[in-house]
Amino acid sequence: MSAVPPQNLIDEWTSVQASLKQQLVEGDTEEWQRAPDFKGLERVGGVDLSFIKGDDINACAQLVVLSFPELELLYEDCRMVTLSAPYVAGYLAFRETPCLLEALQRLERTQPALMPQVLFVDGNGVFHYREFGVACHLGVLSGLPCVGVAKNLLQVQGVVRSEEHLTQISELKKGGDSFPLKTASGRVLGRLSALPSALPRPRPPAPGPAQFGRQHQARVYVSVGHRISLDTAVRLTQRCCRYRVPEPIRQADIRSREYLRTHCPSAHTCG
DNA sequence: GCGACAG
DNA sequence: ATCTTGTCGC
């Protein structure tokens, strides 16, 4: 199905990452980022892609903008896209970034006043093999402050699922607890953060099938995408989480999935 | 050879 | 990413 890219393309991607990385800004650049309750922050965005079972090139690309701090829907854009690059760990941006940039451009063209002041991205930022994940990539190319939020651990630069890592996880007690993800050389690339318990959740606490796979705990890997500090990124993530993942990403996920359910010819034709 | 492999 | 969908506790 998905062809493995030739090494020369991987090499090119690697050098593009190194080149764009020079424009990466890792600290806070906005007033609201330093303000006690994020005063001045009014719009938070989220992006995601959803797929159909046997098809990994056609996808639904979704952008949502929510109000802050209410987290109510202000804008939504959904579009079927054809992806040109396969998924390769470490190069996710080359697969997902083009259609997400287009979604941002549509927003800029039609409703510029609704442009989000920060964008949550499904995937890592600097918590990456070459410290330039999809959240950095999209951040630099769009110019928007971005936060990378991953649900699964990417083992990079000596950050591994070791005994120590598992111990640190078990030591996350309260909602909002977190610990740094440190490189072998001591550099902090991100934080593993537990779901805060302060934000009101609509109905039941956390439903979930008990018999499929292991029950993921309510934690996410947060890292800097662009134009935000790690501390601010973690604080903001916690303020935007009703469930495990920040509401903008969750809404983008739900809505793109829903779109596929209703707009796609039933994907399971027998025969 | 073995394991890892964001989405 | 995609697929499983039951069942425990408030």
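The values are calculated or read from the model by the stated rules, or taken from the named source; none is laboratory data. The model shown is predicted, which means the values in this text are computed figures rather than measured ones. Because the Cβ atoms are built from the backbone with ideal geometry, glycine has one as well, and the counts that use them run over all protein chains shown. Please note that ligands, DNA and RNA were not included when accessible areas were found on the heavy atoms of the full protein model with its side chains. Shrake-Rupley method; radii C 1.70, N 1.55, O 1.52, S 1.80 Å.
Quick check on region A:74-106: of everything there that is in contact with a helix residue (DSSP H, G or I) (Cβ under 7 Å, 6 or more places away or on another chain) and under 27 Å from A:Phe38 (Cα atoms), which residue is surrounded by the most Cβ atoms within 10 Å (Cβ to Cβ)?
Applying the filter and picking the extreme gives A:Leu100.
Can you list residue pairs whose Cβ atoms sit under 7 Å apart, with the first residue in region A:34-59 being modelled with pLDDT under 95 and among the small types (Gly, Ala, Ser) and the second being within 16 Å of DNA strand C (Cβ to nearest atom) and not in a strand (DSSP E or B)? Count only pairs 6 or more apart in sequence or on different chains.
Listed pairs, sorted by first residue: A:Gly54/A:Ala267.
Can you confirm whether region A:33-49 contains a residue that is under 22 Å from A:Val134 (Cα atoms) and more than 21 Å from the chain's Cα centre (by Cα)?
Looking through region A:33-49, none of the residues is under 22 Å from A:Val134 (Cα atoms) and more than 21 Å from the chain's Cα centre (by Cα).
Out of all the residues in region A:120-139, is one or more basic (Lys, Arg), under 19 Å from A:Gln17 (Cα atoms) and assigned to a loop (DSSP other than H, G, I, E, B)?
Looking for residues that are basic (Lys, Arg), under 19 Å from A:Gln17 (Cα atoms) and assigned to a loop (DSSP other than H, G, I, E, B), one finds at least one in region A:120-139, hence yes.
For region A:122-142, enumerate the residues that are more than 7 Å from DNA strand B (Cβ to nearest atom) and either touching a Cys at 6+ places or on another chain (Cβ under 8 Å) or of a type in the set (S, T, N, Q) (or both).
A:Gly125, A:Val126, A:Cys136, A:Leu138, A:Gly139, A:Ser142
More than 27 Å from A:His128 (Cα to Cα), within 16 Å of DNA strand B (Cβ to nearest atom) and in a strand (DSSP E or B) - does that describe any residue in region A:53-71?
no
Please count how many residues of region A:240-259 are open to solvent by 40 Å² or more (accessible area, probe 1.4 Å) and out of contact with any strand residue (DSSP E or B) (no Cβ under 7 Å at 6 or more places or on another chain).
The number of residues fulfilling the criteria is 5.
Exactly one of these conditions fails for A:Leu119: (1) farther than 24 Å from A:Tyr243 by Cα; (2) touching a Leu at 6+ places or on another chain (Cβ under 8 Å). Give me its number.
In the conditions (1) farther than 24 Å from A:Tyr243 by Cα; (2) touching a Leu at 6+ places or on another chain (Cβ under 8 Å), A:Leu119 misses (1) alone.
Among the candidates A:Thr97, A:Thr110, which residue alone is out of contact with any Pro (no Cβ under 6 Å at 6 or more places or on another chain), within 16 Å of DNA strand C (Cβ to nearest atom) and hydroxyl-bearing (Ser, Thr, Tyr)?
Within the list A:Thr97, A:Thr110, the selection yields A:Thr97.
Tally time: how many residues in region A:107-157 are basic (Lys, Arg) and either surrounded by 17 or more Cβ atoms within 10 Å (Cβ to Cβ) or under 14 Å from the mean Cα position of the chain (by Cα) (or both)?
Of the residues in region A:107-157, 1 are basic (Lys, Arg) and either surrounded by 17 or more Cβ atoms within 10 Å (Cβ to Cβ) or under 14 Å from the mean Cα position of the chain (by Cα) (or both).
Within region A:143-168, how many residues turn out to be in a loop (DSSP other than H, G, I, E, B), of a type outside the set (Gly, Ala, Ser) and within 12 Å of DNA strand B (Cβ to nearest atom)?
Adding up the residues that qualify gives 8.
Considering only region A:176-189, I want to know if a residue exists there that is exposed (fewer than 14 other Cβ atoms within 10 Å of the Cβ), among the hydrophobic types (A, V, I, L, M, F, W, C) and free of Cβ contacts under 8 Å to residues at least 24 places away in the same chain.
No: zero hits.
Checking the structure you have, find out if any residue of region A:1-24 is of a type in the set (Ser, Thr, Tyr) and closer than 20 Å to A:Val121 by Cα.
Looking for residues that are of a type in the set (Ser, Thr, Tyr) and closer than 20 Å to A:Val121 by Cα, one finds none in region A:1-24, hence no.
Could you run through region A:256-266 and say how many residues are part of a helix (DSSP H, G or I), within 11 Å of DNA strand C (Cβ to nearest atom) and touching a residue at least 40 places away in the same chain (Cβ under 8 Å)?
4
Scan region A:241-259 and give yes if some residue there is small (Gly, Ala, Ser), in contact with a helix residue (DSSP H, G or I) (Cβ under 9 Å, 6 or more places away or on another chain) and within 13 Å of DNA strand B (Cβ to nearest atom), otherwise no.
Looking for residues that are small (Gly, Ala, Ser), in contact with a helix residue (DSSP H, G or I) (Cβ under 9 Å, 6 or more places away or on another chain) and within 13 Å of DNA strand B (Cβ to nearest atom), one finds none in region A:241-259, hence no.
Given (1) open to solvent by less than 30 Å² (accessible area, probe 1.4 Å); (2) of a type outside the set (S, T, N, Q); (3) outside any loop (DSSP other than H, G, I, E, B), where does A:Ala18 come up short, assuming only one miss?
So A:Ala18 meets the others, but not (1).
Whether any residue in region A:33-51 is within 16 Å of DNA strand C (Cβ to nearest atom), open to solvent by 30 Å² or more (accessible area, probe 1.4 Å) and part of a strand (DSSP E or B) is what I want to check.
Looking through region A:33-51, at least one residue is within 16 Å of DNA strand C (Cβ to nearest atom), open to solvent by 30 Å² or more (accessible area, probe 1.4 Å) and part of a strand (DSSP E or B).
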